[in-house]
Amino acid sequence: MQRRNFVRQSLLAGTSVFAAASAVSAKDNKEYIPGAETPFHLNYAIHDGMFKNSAGKNFIDQIKFAYDNGFRAMEDNGMTGRPENEQTKIGDAMAKLGMMMGVFVVDKGGNGANTLAAGKQEYVDIFLKGCRQAAEVAKRVNAKWVTVVPGDFARRLPIGIQTGNVIEGLKKGAAILEPANLIMVLEPLSDTPDLFLRTIDQAYMICKAVNSPSCKILFDMYHIQRNEGNIINNIDAAWDEIAYFQIGDNPGRNEPTTGEMNYKNIFRHIYSKGYKGVLGMEHGNSIPGKEGEQALIKAYRESDSFM
């Protein structure tokens with residue numbers, strides 16, 4: 001498959017997301033805000049626990065509740081750690097609702113020291129094992145994207161050598177994921193200065209060097225705001241290598257409208273560029289309990305009202 005066509009198909013994958021509007025519903029005994037059943041303009045993806053006070057602890061019930069409140073996607077960082085039968089049930093429930101599956105994280109074996117920048121074969125092997133596992137999990141949950149974090153800096157190596165090591169490791173991962181029509185999305189993070197991948201221009205350079213439709217950028221707007229800001233200009237600059245977005249206001253890493261970021265303008269810009277993929281809601285709720293979950297829905301309604 002040609003690189004351009006592969007990426008276009010991944011971005012347009014959401015065009016049929018509303019086809020199952022008459023499928024499984026969880027309206028009974030659930031709380032709503034006025035007009036909440038109308039689908040959002042963009043595919044915001046909930047995560048496990050986000051609506052536990054309104055829908056209960058069962059993740060599938062939370063997914064149904066989210067659907068009934070207009071959300072059309074879900075992501076689950078820890079999907080690889082769930083039993084296979086649970087993965088299948090989640091995938092089947094999502095398919096019946098016509099919802100999109102967002103990212104889950106490629107398992108790196110629980111090795112906190114794992115870093116592709118070091119160029120060590122043992123770390124590369126762990127990463128490639130995670131890629132093979134991800135390909136199998138993706139089949140059960142109908143996933144298209146998996147998150148990859150290269151790990152920490154290898155402080156004793158020059159930065160150019162580290163970057164070369166990361167590129168070579170990712171090329172090997174892409175060779176596994178490309179036949180499975182999976183895209184690994186590289187996520188620049190702000191959690192600690194020890195992390196190798198921190199900026200959009202760095203991720204862009206690496207994706208260009210790997211040169212695979214299975215290696216793109218996860219643009220987490222919370223982390224980018226903390227590291228460098230300039231959100232809309234950074235989106236435009238790296239657009240052809242971005243395959244996925246995540247959301248979180250700053251400070252606090254909670255829902256839109258709770259911090260300094262103008263998400264209505266950001267969402268309008270992303271929508272205007274024709275994005276049909278997923279935007280992961282990788283943040284907390286600013287208010288606890290059912291009240292906080294209703295406040296979250298209201299915040300997304302407000303931020304999504306850009307038309």
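Some observations on this one:
- All conditions in (1) modelled with pLDDT under 95; (2) small (Gly, Ala, Ser); (3) farther than 30 Å from Val166 by Cβ hold for Gly91, with the sole exception of (1).
- Some residue of the range 220-238 being among the aliphatic types (A, V, I, L, M), in a loop (DSSP other than H, G, I, E, B) and surrounded by fewer than 23 Cβ atoms within 10 Å (Cβ to Cβ): yes
- Index of the failed condition, Thr147 passing every other in (1) farther than 24 Å from Thr199 by Cβ; (2) among the polar types (S, T, N, Q); (3) within 17 Å of the chain's Cα centre (by Cα): (1)
- Some residue of the range 146-157 being farther than 14 Å from Thr115 by Cβ and in contact with an Asp or Glu (Cβ under 9 Å, 6 or more places away or on another chain): yes
- Options Glu293, Glu255, Glu260: the member that is among the charged types (D, E, K, R), surrounded by fewer than 19 Cβ atoms within 10 Å (Cβ to Cβ) and farther than 30 Å from Ser212 by Cα: Glu260
- Single unsatisfied condition, Phe245 versus (1) assigned to a loop (DSSP other than H, G, I, E, B); (2) touching a residue at least 24 places away in the same chain (Cβ under 8 Å); (3) crowded, with 17+ Cβ neighbours inside 10 Å: (1)
- Residue within the range 189-196 that is part of a helix (DSSP H, G or I) and surrounded by fewer than 22 Cβ atoms within 10 Å (Cβ to Cβ) present: no
- Residues that are free of Cβ contacts under 8 Å to residues at least 40 places away in the same chain, among the hydrophobic types (A, V, I, L, M, F, W, C) and under 24 Å from Lys129 (Cβ atoms) within the range 177-200 comprise just one, Leu186.
- The criterion of at least 3 residues that are over 20 Å from the mean Cα position of the chain (by Cα), polar (S, T, N, Q) and surrounded by 17 or more Cβ atoms within 10 Å (Cβ to Cβ) is met by none of the helices (runs of 4 or more DSSP H) wholly inside the range 45-133.
- Every residue from the range 248-299 that is part of a helix (DSSP H, G or I) and among the β-branched types (Val, Ile, Thr): Ile266, Ile270, Ile297
- Selection of the range 140-160 for residues being assigned to a helix (DSSP H, G or I) and surrounded by 14 or more Cβ atoms within 10 Å (Cβ to Cβ) yields Arg140, Val141.
- Flag for Thr163 being over 24 Å from Gln87 (Cα atoms) and among the hydroxyl-bearing types (Ser, Thr, Tyr): yes
- Criterion applied to Ala203, Ala174 was being in a helix (DSSP H, G or I) and in contact (Cβ under 8 Å) with a residue 40 or more places away in the chain, and the one residue passing it is Ala174.
The values are calculated or read from the model by the stated rules, or taken from the named source; none is laboratory data. On a predicted model such as this, the values are computed, not experimentally measured, just so you know. In this analysis, Cβ positions are derived from the backbone assuming ideal geometry, glycine residues included, and neighbour counts consider all displayed protein chains.
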